[in-house]
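The values are calculated or read from the model by the stated rules, or taken from the named source; none is laboratory data. Keep in mind the model is a prediction, meaning the values are calculated, not measured. We place every Cβ from the backbone using ideal geometry, glycine too, and count neighbours over all the protein chains shown.
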Amino acid sequence: MVEEILKTILSRLDSLDNGQRTLQDGLKTLQDGQKALEDGQKAIWGKLTEHDGILGTLLERTSSVEMRLDNVENRLEGVEKNQARLELRIENEVIEKIKALFDDREIQNNRFDIIENKLDGVSLDLRYLVTRVIRLEQVAK
């Protein structure tokens, strides 16, 4: 009987020993998994930090582009103001000068018409005189 109890105790000790080894193996696997998780977290934090740097650079560039766009808008407003001034100047100065040129051209055309009429009259008188001279020459012969 004592032997049976000893065998039972030894059997249970072996069973406990096997259970303890299984637990130790599971613990080692758990520790390895924990280390892999920590390494993964470090890698993720590294990537996030890297992306934060890229995001910061993008934000800086966006800010720079916005400032340039504001500058372009300000310049465009200046160009529009100058264009409005130029349009007003054209209306006030150039249009008046163009009207004066057309008026002068009309006066010149009227003068040319008068000169043409006088030339037509002189031409008629000259033809009459030429015809009269020819008749007088014929009569004198």
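From the list 5, 9, 90, 44, which one is part of a helix (DSSP H, G or I) and either touching a strand residue (DSSP E or B) at 6+ places or on another chain (Cβ under 7 Å) or exposed (fewer than 10 other Cβ atoms within 10 Å of the Cβ) (or both)?
So the residue among 5, 9, 90, 44 that is part of a helix (DSSP H, G or I) and either touching a strand residue (DSSP E or B) at 6+ places or on another chain (Cβ under 7 Å) or exposed (fewer than 10 other Cβ atoms within 10 Å of the Cβ) (or both) is 5.
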Review point. Before we move on, is residue 137 of a type outside the set (A, V, I, L, M, F, W, C), modelled with pLDDT under 90 and loosely packed, with under 10 Cβ neighbours inside 10 Å?
Key: yes
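Mind checking whether some residue in the range 47-58 is out of contact with any His (no Cβ under 6 Å at 6 or more places or on another chain), acidic (Asp, Glu), part of a helix (DSSP H, G or I) and at pLDDT 85 or above? First the steps, then the outcome.
Narrowing the range 47-58 to residues out of contact with any His (no Cβ under 6 Å at 6 or more places or on another chain): 47-58.
Still in the list and also acidic (Asp, Glu): 50, 52.
Add one more test, that the residue is part of a helix (DSSP H, G or I), and what stays is 50, 52.
Of the ones still in play, those that are also at pLDDT 85 or above are none.
No - not one qualifying residue is present in the range 47-58.
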